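Report on one structure; see the data block that follows.
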Amino acid sequence: MMLNSLTIHQLTERLNSGEVSSRQVTEACLNRIQSVDQELNAFIGFDSEEALSQADVADKVRANGGEGLLLGVPIAIKDAIAVKGHPLNCASKILGNFVSPYDATVIQKLREAGAVIFGRVNMDEFAMGSSTENSFHGPSRNPWSTEHIPGGSSGGSAVAVAADECVASLGSDTGGSIRQPAALCGCVGLKPTYGRVSRYGLVAFASSLDQIGPLTKDVRDSAAMLQVIAGVDGRDSTSVPETVPDYSSNLTGDVKGLRIGLPKEYQVDGLDSEVKETVSLAVESLAERGAEIIEVSLPHTEYAIATYYIIATAEASANLARFEGVRYGARVNGSDPQEMNSKTRGAGFGEEVKRRIILGTYVLSSGYYDAYYLRAQRVRTLIRQDYLKAFEQVDLIASPTTPTPAFKIGEKVDNPLQMYLSDIFTISCNLAGLCGVSVPCGFSKLGLPIGFQLQGRPFGEVDLLRCAHAYEQATDWRNKKPKLD
Amino acid sequence: MEGVEPTAHAVPLENVLREDELGVSLSHEEALSNAPKTTNGLFVVPKIVE
């Protein structure tokens, strides 16, 4: 039995019984990285000695009767989340040799729960992308077919979990960046409600949309991770003082009477027939178990992508203004600060990042602010209202996570607008401030994973996870593993 | 679009404030530790004014 292929709950059982040690499972993960990561490129960096010493501490704590929801579990971290003493680069050249002087709140929480914080995983630069092709470190590869993208921006996080290079990982989601790679790589990806998890220590892309969340091998693990990272934080004024319920004890398997909405506007032209078919079967499976399936309407769906790419880029242009080589990161010298700023940013940012900063600056500029940014914020209200209205009739909304399975590396890099269209089903969740999860629901004929997405009410993660878990337990997808070696 | 309020962020929070209590913060050294150029505990940039 490969220890690195266990789930958090399977591992915890064996750790508690003394059958295995945290050192052994951490070693198993490190060995796995040795054998597969050269090709997959999920990990940007890791420190074996440091990881093993954390594992040893966890083993000692356990031996002395100590406890922790994630005690001794190796968890990989997206390169946008601050870990004290570890490099933090957001897969960009512009952060240079930056080493984080502090822990993000989620990292503090993981430490308190006893986790082994290990390794930094690849992403699209500054979380801008849907394929992890926009990384300074080159693309990560889908473990199910290494010619294919793993999705993005949390591509490394998804690959590391799907390829059993770690037991679970953290990613971030602004327009689908946890759920989409989870779908394309065949693992579970949860985007908590905006405000559920603290953003303190997450390098900001779009401050009104970003959320940190777990990528895991099954829904039970997702609930365990959420339990640890959720909660209001005095250092994030956008985190909401909503009680954190017990997510794990609500995984009852019962969906009788749960009302599930199918948005009629999601039958888009670009929807792959295999994806459509596979997701229908997932919905049927829930109906068989007693859920009620109801058609709903989200009339402003067609405006979601345009709305997102105005709001997100506008916020990004403000958030990325800080990267200019003054207080941290790489610096290209100039004869005055203005020149230093433009040379540093010119040399340090990748193309997609530049594209979005320019776009965002434009929509915020005087004379255009009302026509673009303000207008987009109004459409955002309409999108949110669509959902809140739908949630009067249903408890959850079901759909494919992505319109197609993974495309090939290089296939869409020359067409950013095409790339943006792949976010159609995930984007509204961030705009409307809801929670969403992607669970594996099958494979394409080429053997590529397909994801099934559920979206829930704000702070509705209990019902969301309960339904996702019930579906998952009625199938065997989580036990399928990619053939590597 | 008439009468539609813009949504800046989708949470029911306004004017989130806390007491001005002293907490942990980065030390001077930590704050400067990633700077490309420093001197006397200050960040150094090219000359701003002639």
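Using bins 10 angstrom wide from zero, how does P(r) for the stretch A:253-345 break down, in % of all Cα pairs?
Spelled out bin by bin, the stretch A:253-345 gives 13, 23, 19, 14, 15, 12, 3 percent.
Can you pull the percent of the stretch A:62-183's accessible area that's carbon plus sulfur, 1.4 Å probe, other chains left in place? Each step should come with its number before you reach the end.
Working: 1230 of 2630 Å².
After summing per-atom areas, the C and S share lands at 47 percent.
How large is the dipole of the stretch A:52-148 about the Cα centre if only Lys and Arg carry +1 and Asp and Glu carry -1, each at its Cβ, rounded to the nearest 20 debye?
Working: 9 positive and 10 negative charges, 40 e Å.
For this selection, approximately 200 debye.
Please check the stretch A:170-211 for residues whose accessible area, probe 1.4 Å, is lower by 10 Å² or more when all protein chains are in place than in their chain alone.
A:TYR194, A:SER208
Count charges around A:SER145 for me, please; just the other residues with Cβ under 11 Å from its Cβ, Lys/Arg as +1, Asp/Glu as -1. Numbers along the way, then the final one.
Numbers: positive: A:ARG141, A:LYS408, A:LYS483; negative: A:GLU147.
With Lys, Arg at +1 and Asp, Glu at -1, the neighbours total +2.
For the stretch A:360-381, which residues drop by 50 square angstrom or more in accessible area between the chain on its own and all protein chains together (1.4 Å probe)?
Residues shielded by partner chains are A:GLN377, A:ARG378, A:THR381.
Hey, any idea what the orientation-averaged projected area of the convex hull of the stretch A:1-149's Cα atoms comes to, in nm²?
9.1
If amide hydrogens are placed 1.01 Å from N in the peptide plane, which non-local residues have theirs closer than 5 Å to the one on A:LEU434?
A:TYR194
Largest first and in whole Å, what are the equivalent-ellipsoid semi-axes of the stretch A:204-315 based on the Cα gyration tensor, each being the root of 5 times an eigenvalue? Each step should come with its number before you reach the end.
Details: eigenvalues 160, 125, 36 Å².
Rounded to whole Å, the semi-axes are 28, 25, 13.
Give the residue from A:THR301, A:ALA168, A:THR344 lying farthest towards the positive end of the charge dipole for the protein assembly as shown; charges sit on Cβ (+1 for Lys and Arg, -1 for Asp and Glu) and the dipole is referred to the Cα centre.
It is A:THR344, whose Cα lies furthest towards the positive end.
Between the stretch A:188-216 and the stretch A:320-378, what is the C-alpha centre distance in whole Å?
Centre-to-centre distance over Cα atoms comes out at 23 Å.
Starting from the Cα gyration tensor of the stretch A:336-412, take the square roots of the eigenvalues, sort them a ≥ b ≥ c, and report rounded, prolate or oblate (rounded when a/c is under 1.5, otherwise prolate if a/b is larger than b/c, else oblate). Working shown, then result.
Working: a/c = 3.72, a/b = 1.53, b/c = 2.43.
In terms of gyration-tensor shape, oblate.
Rank these by accessible area, largest first, 1.4 Å probe: A:LEU215, A:LEU271.
Details: A:LEU215 0, A:LEU271 30 Å².
Most to least solvent-accessible, the answer reads A:LEU271, A:LEU215.
Using only Cα atoms, figure out Rg for the stretch A:400-485 and give it as a multiple of 2.2 N^0.38 Å. Each step should come with its number before you reach the end.
Working: Rg = 15.0 Å, N = 86, 2.2 N^0.38 = 12.0 Å.
Relative to the rule-of-thumb radius for its length, the stretch A:400-485 sits at 1.25.
Would you kindly calculate the translational diffusion coefficient of the stretch A:338-485, applying Stokes-Einstein with the Kirkwood radius from alpha carbon pairs, for 20 °C and a viscosity of 1.002 mPa s, and quote it in µm² s⁻¹ without decimals?
Values: Rh = 18.7 Å.
Rounded, D is 115 µm²/s.
Over all directions, average the projected area of the Cα convex hull of the stretch A:193-236 and note it in nm². Before the final figure, lay out each step's value.
Working: hull surface 13.1 nm².
Answer in nm², one decimal: 3.3.
Dividing the convex hull volume of the Cα atoms of the stretch A:357-402 by its residue count, what figure in Å³ per residue is obtained? Mind dumping the intermediate values first?
Numbers: hull volume 4.0 nm³, N = 46.
Dividing the Cα hull volume of the stretch A:357-402 by its residue count gives 87 Å³.
Along the three principal axes, how long is the protein assembly as shown when you take its alpha carbons, biggest first, rounded to the nearest angstrom?
The Cα atoms of the protein assembly as shown stretch 76, 64, 50 Å along the principal axes, largest first.
Could you give me the percent of Cα pairs per 5 Å distance bin for the stretch A:400-441, shortest bin first, beginning at zero and ending with the bin that holds the maximum distance?
The calculated distribution, bin by bin, is 5, 19, 26, 22, 17, 10, 2.
Given that compact globular proteins tend to follow 2.2 N^0.38 Å, what is the ratio of the alpha-carbon Rg of the stretch A:39-81 to that value?
1.41
If you average 1/r over every pair of different alpha-carbon atoms in the stretch A:87-158 and take one over that average, what Kirkwood value in Å do you get?
About 13.1 Å, per the Kirkwood formula over Cα pairs.
Under 19 Å from a label point 7 Å along Cα→Cβ of A:ARG327: give me every residue in the stretch A:153-174 with its amide N that close.
none
Search the structure for amide H atoms under 5 Å from the amide H of A:ALA168, placed 1.01 Å from N in the peptide plane, and list their residues when 5 or more places away or on another chain.
The list, which skips near neighbours in sequence, is A:ALA76.
I'd like the distance between the alpha-carbon centres of the stretch A:421-443 and chain B, rounded to an integer number of Å.
Cα centroid of the stretch A:421-443 versus Cα centroid of chain B: 31 Å apart.
Quick one: net charge around A:ARG32, please, counting Lys, Arg +1 and Asp, Glu -1 for every other residue with C-beta under 9 Å from its C-beta. Provide the component values of the computation, followed by the final result.
On the way: positive: none; negative: A:ASP37, A:ASP164, A:GLU165.
Here the charged neighbours net out to -3.
Starting at the first residue of the stretch A:472-478, write each ³J(HN,Hα) from the Karplus equation 6.51 cos²θ - 1.76 cosθ + 1.60 with θ = phi - 60°, in whole Hz, x for Gly and Pro.
4, 6, 8, 10, 10, 4, 5
Let me have the 222 nm mean residue ellipticity of the protein assembly as shown computed from DSSP H runs of 4+ only, each contributing -39500 (n - 2.57), with the sum over all residues rounded to the nearest 500.
On the way: 16 runs with 186 residues, N = 535.
The helix-only estimate for the protein assembly as shown comes to -10500 deg cm²/dmol at 222 nm.
If each Cα of the stretch A:121-165 is one equal point scatterer, what is log10 of I(q)/I(0) from the Debye formula at q = 0.17, 0.21 Å⁻¹?
Debye output, listed in q order: -0.34, -0.52.
Other chains' Cβ within 10 Å of B:11-23 residues: what's the mean? Each step should come with its number before you reach the end.
On the way: counts 12, 5, 6, 0, 1, 8, 1, 3, 1, 0, 1, 0, 2.
Whole-number average of other-chain Cβ neighbours for B:11-23 is 3.
Cβ under 10 Å from A:ILE178's Cβ, A:ILE178 left aside: what net charge do those residues give with Lys, Arg +1 and Asp, Glu -1?
With Lys, Arg at +1 and Asp, Glu at -1, the neighbours total +2.
Based on Cα coordinates alone, diagonalise the gyration tensor for chain B, multiply each eigenvalue by 5, take square roots, and list the semi-axes in whole Å, largest first. It would help to have the intermediate numbers written out before the result.
Working: eigenvalues 313, 96, 21 Å².
Semi-axes from the Cα gyration tensor: 40, 22, 10 Å.
With a 1.4 Å probe and every protein chain left in place, work out the accessible area per residue of chain A in Å², rounded to a whole number.
On the way: 17310 Å² over 485 residues.
So chain A comes to 36 Å² accessible per residue, rounded to a whole number.
Apply the Karplus parameterisation 6.51 cos²θ - 1.76 cosθ + 1.60, with θ equal to phi minus 60°, to every residue of the stretch A:291-307 and state each ³J(HN,Hα) to the nearest whole Hz, in sequence, with x for glycine and proline.
Along the stretch A:291-307, the couplings run 6, 9, 9, 10, 6, 10, 10, 10, x, 8, 3, 5, 9, 4, 5, 4, 4 Hz.
The values are calculated or read from the model by the stated rules, or taken from the named source; none is laboratory data. Quick caveat, the model's predicted, so the values are computed rather than measured. FYI the Cβ positions are ideal-geometry reconstructions off the backbone, even for glycines, and counts take in every protein chain you see. Each accessible area value is taken on the protein alone, full model and side chains, heavy atoms only, with ligands, DNA and RNA left out. Shrake-Rupley method; radii C 1.70, N 1.55, O 1.52, S 1.80 Å.
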